[in-house]
Amino acid sequence: QVASNTCAYVLPECASTSSAFQALQLRPGDKHCLVARSKCYLKLGDTENSLKDAEASLQNDKTFSKGLYQKAETLYTMGDFEFALVFYHRGYRLRPELQKFRLGIQKSQEAIVNCIGSPSSVKLENKEDLCFLSRQAESKKAKQKLQIKLTKDQKRTSKQERVRNPQTERQLLGELYTDKAYLEKLLKDEDLMKSSTKQGIKVKDLVLGGIAYLDTRTEFWQQQKPIYARVRERKLRQQRWIRDRKRKPAEVARYIVKSMEDIDMLLTGGSPEESCKKAEHVLKTIQGWSDDEVPNKNELIGNLHNCIGNAQIEMGQMDAALQSHKTDLEFARQNNLPDAISRALDNIGRVYARIGKFQQAIDTWEEKIPMAKSSLEKTWLFHEIGQCYLELNKAEEAQNYGEKSLQSADEEGDVEWQLNASVLVAQAQVKLKDYQAAIISFEKALEKAKLIHSDDAQQAIIIVSGMLQRGEKLGEASIKNQRNEKQEEDANNNKEEHGNDKEGDEQENEESKSSEGEKEETSMGEREDDDEEQRGSASE
């Protein structure tokens, strides 16, 4: 039972690691799979393999944000706080909207200060000649050449032989100290150490692995926060409560970092209500602190409004979310924070698009365009603006922004966004009734869908493209029918006109004949009247 419990304690991440191996067999070199396996290695305490996978994920794409973050996390866990800080900064420059990079920068800086002290506390004085330093360095190099390098086994044995102070270990491990003591007690049970689990794993290996992991964590925590730093922190905490209860900057930073991590974790974990409540509580707390205690107070307040707005979006409270992000934008502009301004404009545009106010979303996002720092960010931005124009039935503008999005996606080399942009262009061309061009655009999108192995996208594009081709043929047939019908109508009209001309000529002939007959009748009547008059005069 002890063996099975120990196995369950030590090996919960092994299943995830094996899944990552299987995924990499299906898609060798996939950067997302490499990052996932690196996370598993890191949780198992295998920092060396974790770092290898994190670096491999960045081999073809140096701007892969997940790879940068994973490498920084691994370096931080290894105790290389300076290098971790470098990669946290790189990720923050590429994706300033991600909170995890900002938190990584803060915790790395705090760890460095705990290890070596604050730079302001060190004062260098040049009182004597410093030439002896170069002589010491030369003699040190000469001694290093004569020294024999220790092998890995010797180093390992030297670490194992090193005796730790139990009091120091207790302070560093905290609640885990009892677990280590329990594992060390199990080592003394020879019968148990000779047994194995149902999976064939030796209990002794599991116990030694658990102890080795706790030793590794002890060394890390010793580097992250040495004992003298803990003692000093405790004294300062006592002084704070005794004197004026002033908050230590490290404590403030720790509280802020921990709170922001909890807010982000709750939101990504599907609990937006709890995330919103936590953010509102932290906001009230920070608003009650002075600017001396929190130097970047206004920036942090804006960031908390951003977190509240994101949680309100997930809860469907769009009006409240819009107000929160506008407050974030106001704080960013008051303090001249370009990254925060860009973030707030991005979120405001999202809210406008979600509630159907597409023109306002377009105006907001177009204001953000000059602030975009990478081709990938421009690709997304142009695509969303084009989508809004499409919703407003402004197909020409939609096609224009779709082509811009496609151009930025080509510069970035992102196949998935090339697919999205091609579909947007094709949709705009359909609304413009340029069906031939739309078919070509859909065919390009189909090629991109095949590259990313998206079966759903391929099926949808094939159906739409087929409908357009059939519609085009039907359109051509209807045009021909219309032309034929028009020609028949013209011919019939010509015949009717010729028939009307003949009827008119016949009518004119009949009328002329009738007029001539009338003239003859009138002349005959006049003659008869004259004869009667002559007869009357003769009789008289």
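The values are calculated or read from the model by the stated rules, or taken from the named source; none is laboratory data. Remember, it's a predicted structure, so these values are computed and weren't measured experimentally. Neighbour counts run over all protein chains shown; Cβ positions are idealised from the backbone, glycine included. Ligands, DNA and RNA are excluded from the accessible area calculation, which covers all protein heavy atoms including side chains. Shrake-Rupley method; radii C 1.70, N 1.55, O 1.52, S 1.80 Å.
Structural remarks
- Placing a pseudo-label 7 Å from each Cα along the Cα-to-Cβ vector at E447 and K277 gives an inter-label distance of 5.4 nm.
- Spatial separation of Cα centroids for region 334-399 and region 242-321, in angstrom: 26
- Of the residues Y92, Y76, ranked by 1.4 Å probe accessible area with the largest first, the sequence reads Y92, Y76.
- Remark: for residue pairs K277/K297; K43/K378; K31/K204; K100/K185, the C-alpha separation exceeds 30 Å in K43/K378; K31/K204; K100/K185.
- Calculated FRET value between N60 and K194, using beta carbons and R₀ = 45 Å, to 0.05: 0.40
- The heavy atoms of Y182 present about 110 square angstrom of accessible area, all protein chains included, probe 1.4 Å.
- Heavy-atom accessible surface of region 329-405: percent carbon and sulfur, 1.4 Å: 44
- Residue-wise HN-Hα couplings along region 315-330, as the Karplus relation 6.51 cos²θ - 1.76 cosθ + 1.60 with θ = phi - 60° gives them from phi, are 7, x, 8, 5, 5, 5, 5, 4, 5, 5, 6, 5, 5, 4, 5, 5 Hz; Gly and Pro carry x.
- Heavy atoms of the protein chains alone define the surface here; on that basis region 334-385 has 44 Å² accessible area per residue at 1.4 Å probe size.
- Modelled label positions at A437 and R333, each set 7 Å beyond Cα in the direction of Cβ, lie 3.7 nm from each other.
- Heavy atoms of W289: accessible area, 1.4 Å probe, square angstrom to 10: 30
- Applying 0.36 nm per residue to the separation of L208 and E367 and subtracting their alpha-carbon distance, the gain on full extension is 51.3 nm.
- Cβ-Cβ FRET estimate between F83 and D30, R0 fixed at 25 Å, reported to 0.05: 0.50
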